[in-house]
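Written out below as structure tokens is the structure these notes cover.
The values are calculated or read from the model by the stated rules, or taken from the named source; none is laboratory data. Since the structure is predicted, the reported quantities are computational estimates derived from the model, not experimental observations. Here the Cβ positions follow ideal geometry from the backbone for every residue, glycine too, while neighbour counts run over all protein chains shown. Each accessible area value is taken on the protein alone, full model and side chains, heavy atoms only, with ligands, DNA and RNA left out. Shrake-Rupley method; radii C 1.70, N 1.55, O 1.52, S 1.80 Å.
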Amino acid sequence: MRFSKLFCPTLKESPNDAEITSHKLMIRSGMIRKLSSGIYNLLPLGLKVMRKFEAIVREEMNEVDGQECLLPSLIPSDLWKESGRWDKYGKELLRLTDRHSNDFCFGPTHEEVITDIAKKNIRSYKELPISLYQIQTKFRDEIRPRFGLMRGREFIMKDAYSFHANDESLSETYMQIRTAYQSIFKRCGLDYKIVQADSGSIGGANSEEFMLTAATGEDMIVDCPNCEYAANLEAATCSQVNISKSTNYSSENSNNTQSTTQDTAKTQSQTSDVTPSPESVLTPDMGTIEAVASHLKLPKNKCIKALLLFYGTVPIMVLVSGDDQLNECKLKIELDALFPEPQDIRFAEESDLQTLNLFHGFMGPSTLTDDQFQKGLIISDFRLKGIKGACAGANKKDYHLINLDEGRDFTPKYFFDLRNVQEGDTCPKCEKGTLSFVRGIEVGHIFKLGNTYSKAMKAEFLDQNGKTQPFEMGCYGIGIGRTVAAAIEQNHDEKGIVWPEELAPFSVAIVLIGHKDPDLTSAAESMYRSLKEEKIDVLFDDRKESPGRKFKDLELIGIPFQVVVGRSFKETGKVEWKCRRTGSNGCVGIDELSQTLNSLLTNGS
RNA sequence: CGGGGUGUGGCGCAGUCUGGUUAGCGCACCAGUUUUGGGAACUGGGGGCCGGUGGUUCGAAUCCACUCACCCCGACCA
């Protein structure tokens, strides 16, 4: 490719709305342009990088017997009604109507479609297992699209689905695809972690995420330096040790049988230390844990954070320690298990508080009267089990209660693990490592779906005994655009992108300095031709631009190697090569150029 | 959805508070000349219904109302 012919509108400055490096660099390097919020044009350079990544994904998927299909992006609502998601999937689902008033959605994911294919075309266990995948444009109407391709509304995703006669077969394929994913990210030279994920509302099945570590990542990864434990913050747990240790209260309880004789002893010794009766104290305008704790000179973990939310129509007061944060994901899982029908969780609004005669910032569990909270439920995080001398809102404006003992002054109906793990907690797996937090970008998700969809949609096959069974299913996604963006987050410097060779839009750039010199021009031209013949993907910067500009553009675009045809060629007959990543360079005669480049490209520099 | 912010040539901005030249600057673009190893110099040029609609006014980018688009933030306690 000649640069003079390439449509690559580079920019010296990045537009105002680009926040993170990858977004800025993709715009500046002429890879993408925004069309609308979360919707982007992929220009030639951007598309080329995407295609290179897709090719790697295809190779690795095919390697584990994945077979590529292409499913429609527009899906009739019937299928989504069959699975039950037409009503469940919220506003993220873009719904459309055709001229016959038939409802469709723009597929945000394709479980329904693929399950329908299996249902209609797979009869026998003999045809299983089977893995199908596609690389396709999806649409999710995100509340807040941001960061360019990182969190767009329209995006390209590789999604794979596998069908099995039994769980063992599913596990086997799951592991194969897991390995394929590892090869994919490794080949691209990307720094990734596999973390345990929240399996969401679909069921307790296995689910792991592939995360690319990056400071700008939207996800928080909890990582154990001592063992291989890593989890998404939403799913992360910690050793029971922390629960008792950090609050200094007993963790004896029925739900999580970690109690030891030591714990019991501690409880007893503390019980003898009798807390005075609860007392109401004036805390004017102190609606935050921060303010209350400092006013009452109490540590934050002696203050009870009481949150009011609704599970469907049921008011739920959730208690967590003042220094903890509620993990809504964990809460949802527990509540779903408690109630017959899964519901959405929402935080109480001002009007709800008025109805219940409660006050923002002054809520607590101990003085909730029956008429206030007759239909409600108080549940608490484990860490508050057995807390003594605590402080909580008095359910009266500007008042808090102190000297509260759990069990004496308030009694939550249930105790669960409801808090976010904190940095410094102990690893739940090895019980030794101190958990630390790393930011990451979720680029892949592998998931044992089980038979949720096949059951709902009656997608069944005949097993060896001639019995009808729903398929066991797995699903496996990779965000194509997001991976490309994340690759830039991991591979850039102040000058621009530094592509890993596998993803680079071109392997080598020939820079002609001195386009008016016929000797230089013809040397560069013949070099260009011979590299092309060698099947090296070369970009020939033949533009009649100043040298500075050419160098800047090539660095911005991030081509791994540069070959300069200019002054030194005139003087010595040799051309210079330079590595974008390491800055290493050298001179080489034209005859040896392709050999040198080939060795640089295969071995790095 | 709630809160905040921004819309002025392709990009980055000034001008708006305090209404009044022909709406300006840098970069980019076009032509010519000179340049050619780190985003060149000079000269000349093109390009704007100041997001849209409606109002106030002799007069609106500027004031008012509505609207649209885009961006940022959003349990920290309930």
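Summed over segment A:571-592, the residues that are within 41 Å of the chain's Cα centre (by Cα), within 12 Å of RNA strand B (Cβ to nearest atom) and buried (at least 16 other Cβ atoms within 10 Å of the Cβ) give a count of 4.
Look at residue A:504 and say whether it is in contact with a helix residue (DSSP H, G or I) (Cβ under 8 Å, 6 or more places away or on another chain), in contact (Cβ under 8 Å) with a residue 60 or more places away in the chain and assigned to a loop (DSSP other than H, G, I, E, B). Taking the combined requirement at face value, the residue satisfies it. Annotation note: Cβ proximity below 8 Å between a residue of segment A:280-291 that is under 9 Å from residue A:362 (Cα atoms) and of a type in the set (A, V, I, L, M) and a residue that is within 13 Å of RNA strand B (Cβ to nearest atom) and assigned to a helix (DSSP H, G or I) (sequence gap 6+ or interchain) occurs for A:286/A:292; A:286/A:295.
Does residue A:40 fit the bill of being without any contact (Cβ under 8 Å) to a residue 24 or more places away in the chain and either charged (D, E, K, R) or surrounded by 12 or more Cβ atoms within 10 Å (Cβ to Cβ) (or both)? Steps first, please.
Details: without any contact (Cβ under 8 Å) to a residue 24 or more places away in the chain: no; either charged (D, E, K, R) or surrounded by 12 or more Cβ atoms within 10 Å (Cβ to Cβ) (or both): yes.
It is false that residue A:40 is without any contact (Cβ under 8 Å) to a residue 24 or more places away in the chain and either charged (D, E, K, R) or surrounded by 12 or more Cβ atoms within 10 Å (Cβ to Cβ) (or both).
Note on segment A:8-32: among residues that are open to solvent by 60 Å² or more (accessible area, probe 1.4 Å) and within 24 Å of residue A:142 (Cβ to Cβ), the one that is farthest from RNA strand B (Cβ to nearest atom) is A:24. Among residues of segment A:306-327 that are over 14 Å from residue A:362 (Cα atoms), those with a Cβ under 6 angstrom from a residue that is near RNA strand B (Cβ under 8 Å from one of its atoms) and in a loop (DSSP other than H, G, I, E, B), sequence gap 6+ or separate chain, pair up as A:309/A:348; A:325/A:420; A:327/A:420. Among the residues of segment A:528-536, none qualifies, meaning not one is away from RNA strand B (no atom under 12 Å from the Cβ), open to solvent by less than 30 Å² (accessible area, probe 1.4 Å) and over 26 Å from residue A:500 (Cβ atoms). With respect to the conditions (1) open to solvent by less than 50 Å² (accessible area, probe 1.4 Å); (2) modelled with pLDDT under 95, residue A:128 falls short on a single one, namely (2).
For segment A:399-406, check the following and say yes or no: at least one residue is in a loop (DSSP other than H, G, I, E, B), under 39 Å from the mean Cα position of the chain (by Cα) and away from RNA strand B (no atom under 11 Å from the Cβ).
Of all residues in segment A:399-406, those in a loop (DSSP other than H, G, I, E, B) come to A:405.
Now narrow it down to the ones that are under 39 Å from the mean Cα position of the chain (by Cα): none.
No, there is no match, as no residue in segment A:399-406 is in a loop (DSSP other than H, G, I, E, B), under 39 Å from the mean Cα position of the chain (by Cα) and away from RNA strand B (no atom under 11 Å from the Cβ).
Only residues that are under 22 Å from residue A:580 (Cβ atoms) and in contact with a helix residue (DSSP H, G or I) (Cβ under 9 Å, 6 or more places away or on another chain) were counted across segment A:515-529, and they come to 2.
For segment A:538-555, a tally of residues being buried (at least 18 other Cβ atoms within 10 Å of the Cβ) and within 18 Å of residue A:5 (Cα to Cα) returns 9.
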